[in-house]
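The values are calculated or read from the model by the stated rules, or taken from the named source; none is laboratory data. Since we're looking at a predicted model, the values are computed, not measured. Cβ sites come from the backbone with ideal geometry, for glycine too, and all protein chains shown count toward neighbours.
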Amino acid sequence: MEGRKVPGIRFEGFEEEWEQRKLGNVTVKIGSGKTPSGGNNAYVDFGITLIRSQNINDNKVNLLDAVNIDVKTDSAMKNSQVYKNDVLLNITGASIGRSAVYKGIEHANVNQHVCIIRPNEGYFSEFIQLNLASNNGQRQIETSQAGGGREGVNFQQIGKMCFMFPSMTEQIKIGEYFSALDNLITLHQRRYKRLKLFKESMLNKMFPKDSEKIPEIRFEGFSSDWKQHKLGKIASKITMKNTGSQYIETFTNSAEFGIISQRDFFDHNVSNIENIEGYYVVEDDVFVYNPRISTSAPVGPINRNKLGRTGVVSPLYTVFKTHDIDSEYLEWYFKSNHWHLFMYFNGDTGARSDRFSIKDSVFFEMPIPIPDIDEQIKIGKYLSKLDSLITLQQYKMETLQNFKKSLLEKMFT
């Protein structure tokens, strides 16, 4: 409400105004650690956990790759010992501003890149961490960095940071709500990652490996050997040019997004509409090979036009139309890496390191494993449904992340 110190959104049952406090006035400790003395001798396989800046990610302390120091070193670094419910804040480097609440039962230690913020009684750790993670907190961290760059934030500057605080009861209510929301986001992230790994495994196992006639995993009811045909037997190269600029929409074949409009990919048209008469026409359901290589497409991607409309692509691409094979099945085969070996063995050394070079005549010699049509359809539909499930899981995850971002903005302005 205008004129009152209250957030834009609030739990029912709370009406008191929030009060502004400097962080230094609500904490008993703001300080960091140091590099353990003794060099490599200070580090042991089993000892006291040393938390570094890389261990603080996604508002959590992740100790999977943490190192340990011996008890003697820990005692010598007593001022940098961390206890349950301490707030940890990265204060230097590229990860500056990342924060989390330490939830370990046993005490740990930190190095000089991590600041310990220990709240006074009456101030909830999770609530302070949420303030640090909010846009308001990140802005204060950004403006208080030495020299305006990313050199770091000192303890005096951290203590001067100002936040609004409600009663302890409301702090706990808000903190626990966001903790539950974070747990839900983490759950969806794990499901998303598991589904992606499962899809990669299926792409590897549902197509026969080199010289084999059946795949490692197969649907029940199919037992006959797969046949192998050259791509040129089931596909024809399309060389139809865009005479008279009949089509004006230029497509891009992206390793990540498939075939999409060039304007959607680059936010503008890269090609000149006056010079696209020499481009190849790409009708619906035809395939396009893009020789540009990337980490996710080491020999370049092959994708199918599923936009439902006709466009054009650069003559640097190879365009082909298939027959006597299920398009959905072949599309998923090209999303696997089974055909990469053929490309590596038969490709030429290109003049440009970012493009894969292979002659068209050789490209269409590529062997394609082909089961009966019913099995092709079954495989294609299964992998497409799995992909849709991954997309849905990603949507749920991103929706929750955006919801949390919106709540942080409304509660901690």
Note to self: Out of the residues in the stretch 89-122 meeting the condition of being assigned to a loop (DSSP other than H, G, I, E, B) and of a type in the set (A, V, I, L, M, F, W, C), tell me which one is surrounded by the most Cβ atoms within 10 Å (Cβ to Cβ).
What the structure shows: ILE91
Notebook entry, point to check: Does VAL87 meet the test of being touching a helix residue (DSSP H, G or I) at 6+ places or on another chain (Cβ under 7 Å) and within 27 Å of ASN183 (Cβ to Cβ)?
Noted result: yes
Note to self: So, LYS396, is that one out of contact with any strand residue (DSSP E or B) (no Cβ under 9 Å at 6 or more places or on another chain), crowded, with 18+ Cβ neighbours inside 10 Å, touching a residue at least 24 places away in the same chain (Cβ under 8 Å) and not aromatic (Phe, Trp, Tyr) or not?
What the structure shows: no
Note to self: I'm checking my understanding of the structure. Among residues of the stretch 173-215 that are of a type in the set (Gly, Ala, Ser) and either surrounded by fewer than 17 Cβ atoms within 10 Å (Cβ to Cβ) or on the phi > 0 side of the Ramachandran plot (or both), which one is nearest to the chain's Cα centre (by Cα)?
What the structure shows: SER201
Notebook entry, point to check: Would the stretch 309-322 turn up any residue that is within 19 Å of PHE207 (Cβ to Cβ), of a type outside the set (D, E, K, R) and not assigned by TED's automatic domain parsing to the domain that holds GLU200?
Noted result: yes
Check: Of the residues VAL67, VAL71, VAL101, VAL82, which single one is touching a helix residue (DSSP H, G or I) at 6+ places or on another chain (Cβ under 8 Å) and aliphatic (A, V, I, L, M)?
Finding: VAL101
Check: Looking at the stretch 363-374, is at least one residue in a helix (DSSP H, G or I), at pLDDT 95 or above and touching a strand residue (DSSP E or B) at 6+ places or on another chain (Cβ under 7 Å)?
Finding: yes
Checklist line | Search result, residues across the stretch 274-296 that are hydroxyl-bearing (Ser, Thr, Tyr), under 21 Å from TYR333 (Cβ atoms) and in contact with a Ser or Thr (Cβ under 7 Å, 6 or more places away or on another chain) | finding: TYR289
Next item on the list: Give ARG21, ARG10 a once-over and let me know the one that is closer than 26 Å to ASN131 by Cβ and either in a strand (DSSP E or B) or in the same structural domain as GLY93 (by TED's automatic domain parsing) (or both).
Entry: ARG21
Notebook entry, point to check: Which condition does ILE56 not pass, out of (1) surrounded by 14 or more Cβ atoms within 10 Å (Cβ to Cβ); (2) in contact (Cβ under 8 Å) with a residue 24 or more places away in the chain; (3) not assigned by TED's automatic domain parsing to the domain that holds GLN157, if it passes all the others?
Noted result: (3)
Note to self: As an exercise: evaluate ARG218 against (1) within 28 Å of ILE373 (Cβ to Cβ); (2) in the same structural domain as ASP324 (by TED's automatic domain parsing); (3) surrounded by 13 or more Cβ atoms within 10 Å (Cβ to Cβ) and give the number of the one condition it does not meet.
What the structure shows: (2)
Item checked: Positions within the stretch 373-392 being exposed (fewer than 13 other Cβ atoms within 10 Å of the Cβ), touching a residue at least 12 places away in the same chain (Cβ under 8 Å) and charged (D, E, K, R), in sequence order -> ASP374
Next item on the list: Return the residue satisfying two criteria in turn: it lies in the stretch 255-264 and is in a loop (DSSP other than H, G, I, E, B) and in contact (Cβ under 8 Å) with a residue 24 or more places away in the chain, and of such residues it is surrounded by the most Cβ atoms within 10 Å (Cβ to Cβ).
Entry: ALA255
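The rows are residues; the columns are (1) within 21 Å of LYS78 (Cα to Cα); (2) outside the structural domain of THR27 (by TED's automatic domain parsing); (3) among the aliphatic types (A, V, I, L, M); (4) in contact (Cβ under 8 Å) with a residue 12 or more places away in the chain.
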site	(1), (2), (3), (4)
ALA108	yes, no, yes, yes
ASN111	yes, no, no, yes
ARG118	yes, no, no, yes
ILE128	no, no, yes, yes
ALA133	no, no, yes, yes
THR143	no, no, no, no
GLY152	no, no, no, yes
GLN157	no, no, no, yes
